[in-house]
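Here is the structure we will look at.
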Amino acid sequence: MSSSDLKSLKVLLITHSFSPEFTPPQRRWKAFTEVFVNRGNTVSVVAPNTGGAPFQITDAGIRIVRYPTFGKPKRLVFKALRSALQALASIPACLFTGRQDVVIATVPALSTLLSGYIVSRLFRSNLVVDLRDSWPNLLSESNILRSTKLEPIVTKLILYVLSRADLVVTVTPGLGEVARRQGAQRISVVSNGVDLSNYTSPLPQVSHEDSRLHVLYLGNLGLSQGLDLVIQAAAKLRSSVRVRFVGDGTERARLQQLAAKLDAPVEFLHPVRGEKVLELYAWADTCLVSLRPDWPSFEHTIPSKLYELLYFNRHITGLVRGEAARIIQESKAGDIVPQEVQSLVDHLKTIRTSSALRTQNGIGQQWVLENASLDELGTRYLSELTALAEDKR
């Protein structure tokens, strides 16, 4: 379906993160909503209030309505309560936007799933679930609710909504197949990607101040990434590698303690944006993409940072499996390394000895241009929404 065939839609997006926040879902949805508006549709966004005005209209014409948040509790039972309160608080904000043709609820952020279902029924609108991770499977794999009795309840809630959604959009084919087995009736795959308009400058020239191999991990420092083995490998290569972890997350303090205990050459830097990111990419000889190996759902997960690394033709050390590994191999962007300390040690030793092994030939960037432009992906997403709306008429 061409863009000229698309009918005007009223779209409500319920998300836990939107501009000016700077997160992977924010980047995806900023690009997509601008595509929707540029093609003649009306877009309203409901998101938590992180300190800005409760209502605003962006330069692109997107209406944003903010609802109150309820702190950042540490105990799981209070986190669950907070999620339920945020779901309830978001409903009046959603109703304020007026009746919508399509309600999109982004997941993770289970509060958006609950409020999206309720609001779509109140509006009698089509419900679209944007599923970026393998929920509810990750609940049991991660044991994040192990200290409570909430896991069966939350699992049933997720499966209930997935089975009643008018459309489930996943970011990988594997996640789509998982959703189908869980009861989703209509599924589309629209991957993550990069906003090419943000990348108008080449990487800066950065000189190395030493002969050590520069290894960069930029992203979330959480349970999902399994970064312990990187620190353990670095400790074994103390005189020949230099590692930088750039980011925040629940595991940052523990990882810092482990690096100090092992006297590993690992620096911890806080998140950066814009030109600072490009400087770090230029500094690195290889960039890590990592997901822990013991959660089966990660077979179908692709870290969003991977697309950016491909675009800049950085050498990638992939501590991943499944679909993420396939993309790295398909684009010839680097090496897939078994997630064992000695395997990583051997790999880093090998690529340190030869810069030719770390040189990329541009295939990664071409792969992104053909497969992961957010502008093109946004147009595909809009086509799916339009087809859904027309089928329901």
Dipole of region 259-393, Cα-centred, from +1 at each Lys and Arg C-beta and -1 at each Asp and Glu C-beta, to the nearest 20 debye? 200
Nearest 20 debye, what's the magnitude of the dipole of the chain about its Cα centre given +1 on Lys and Arg Cβ and -1 on Asp and Glu Cβ? 1200
To the nearest 10 square angstrom, how much accessible area does R164 have with a 1.4 angstrom probe? 100
Any chance you could run the full-extension gain for S8 through E279? It's 0.36 nm times the residue separation minus the Cα-Cα distance, nm to one decimal. 93.4 nm
Between F96 and R39, what FRET efficiency comes out of the Förster formula 1/(1 + (r/R0)^6) with R0 = 22 Å and r the beta carbon distance, rounded to 0.05? 0.35
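Quick one: order D195, D294 from most to least accessible surface, probe 1.4 Å.
From most exposed to least exposed: D294, D195.
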F55: net charge of surrounding residues, Cβ under 14 Å, Lys/Arg +1, Asp/Glu -1, itself excluded? +2
For N371 and L159 in one chain, what is 0.36 nm times their gap in residues minus the Cα-Cα distance, to one decimal in nm? 73.3 nm
Just to verify a number: FRET efficiency for S343 and D263, C-beta to C-beta distance, R0 = 25 Å, to 0.05? 0.70
Kindly state, as a whole number, the per residue volume in cubic angstrom of the convex hull around the alpha carbon atoms of region 184-315. 126
DSSP beta bridges in the chain [antiparallel fraction, %, rounded to 5]: 5
Give the Rg/Rh ratio for region 278-393, taking Rg as the radius of gyration of the Cα atoms and Rh as the Kirkwood radius, to two decimals. 1.09
What distance in nm separates the simple spin-label points at T353 and L203, each placed 7 Å from Cα in the Cβ direction? 2.3
What would the Debye formula give as log10 I(q)/I(0) at q = 0.19 Å⁻¹ for the alpha-carbon point model of region 202-253, no solvent? -0.75
Out of G222, A234, G249 - ranked by how far each Cα lies towards the positive end of the dipole of region 211-302, with unit charges on the beta-carbon of charged residues - the top one is A234
Cα extents of the chain along the three principal axes, largest first (Å): 64, 50, 41
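For region 172-231, count the residues as N, evaluate 2.2 N^0.38 Å, and divide the Cα radius of gyration by that value, please.
Values: Rg = 19.2 Å, N = 60, 2.2 N^0.38 = 10.4 Å.
Scaled against compact globular proteins, the figure is 1.84.
The values are calculated or read from the model by the stated rules, or taken from the named source; none is laboratory data. Everything numeric here is computed off the predicted structure, so don't read it as measured data. Note: ideal-geometry Cβ built from the backbone for every residue, glycine included; neighbour counts use all protein chains shown. Areas reflect the complete protein model, heavy atoms only, side chains present, ligands, DNA and RNA absent. Shrake-Rupley method; radii C 1.70, N 1.55, O 1.52, S 1.80 Å.
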